[in-house]
1. Test K12 against the stated conditions and say whether it is surrounded by 12 or more Cβ atoms within 10 Å (Cβ to Cβ), of a type in the set (K, R) and either over 18 Å from K77 (Cβ atoms) or at pLDDT 95 or above (or both).
2. If I filter the range 30-46 for residues that are of a type in the set (A, V, I, L, M, F, W, C), assigned to a loop (DSSP other than H, G, I, E, B), farther than 26 Å from P120 by Cβ and modelled with pLDDT under 85, do I get at least one hit?
3. Please enumerate the residues belonging to the range 9-40 that are small (G, A, S), touching a strand residue (DSSP E or B) at 6+ places or on another chain (Cβ under 8 Å) and either over 13 Å from T71 (Cβ atoms) or within 10 Å of the ligand (Cβ to nearest atom) (or both).
4. Determine if the range 83-96 includes at least one residue that is more than 16 Å from the ligand (Cβ to nearest atom), among the β-branched types (V, I, T) and in contact with a helix residue (DSSP H, G or I) (Cβ under 8 Å, 6 or more places away or on another chain).
Amino acid sequence: MNKKDREIIFNKYNGHCAYCGEIINFKDMQIDHIIPKHNFNMHISNKYKIPENLNHLTLADINHIDNLNPTCRICNKWKSTYHIELFRSELSEQVKRLNKYSSNYRMAKKYGLIKEEIKPIVFYFEKQNNVGIISKDLAGIAQKHLKKENNFI
Ligand SMILES: [Zn+2]
């Protein structure tokens, strides 16, 4: 990707990660496919049926700048091949997993070093007034895609 396109993506949220909102350095910015590229590569190469509402999309559309978000390394690694709603659902499980699997976490909580707060996961880009920078069409498509995900094969 050329530097100009990277700059456009970086500036979508003024240098913040689109998901957690952390400020990122331009050189460290990672780029997330809002609609994951993984499924498209897999389904195009295997000639699986792509859901009706997406069958007009090509890999070029998936790589379009409207489908790319600036992210920090951690969010990009976690989101990986997930759709936005699957990423949100994964994040919402983290406190439960800490309580179940981490004795360090349970001990710190027992001694009041950690206070849990149950709240919905709201991504940084959702809190911005400029949500429109992400193509509304693509956001809608991502939602529908998620719902139809099980119909892929
Ligand atoms: Zn992040």
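1. Numbers: surrounded by 12 or more Cβ atoms within 10 Å (Cβ to Cβ): yes; of a type in the set (K, R): yes; either over 18 Å from K77 (Cβ atoms) or at pLDDT 95 or above (or both): yes.
Yes; evaluated as a whole, the condition is true for this residue.
2. No, because not a single residue in the range 30-46 is of a type in the set (A, V, I, L, M, F, W, C), assigned to a loop (DSSP other than H, G, I, E, B), farther than 26 Å from P120 by Cβ and modelled with pLDDT under 85.
3. As a first pass, look at the range 9-40 and keep what is small (G, A, S): 15, 18, 21.
Retained after the next criterion (residues that are touching a strand residue (DSSP E or B) at 6+ places or on another chain (Cβ under 8 Å)): 15, 18.
Residue satisfying the conditions is A18 alone.
4. No, every residue in the range 83-96 fails to be more than 16 Å from the ligand (Cβ to nearest atom), among the β-branched types (V, I, T) and in contact with a helix residue (DSSP H, G or I) (Cβ under 8 Å, 6 or more places away or on another chain).
The values are calculated or read from the model by the stated rules, or taken from the named source; none is laboratory data. Just so it is clear, the structure is predicted and the values come from calculations on it, not from any experiment. Here Cβ is always computed from backbone atoms with ideal geometry, including for glycine, and neighbour counts include all displayed protein chains.
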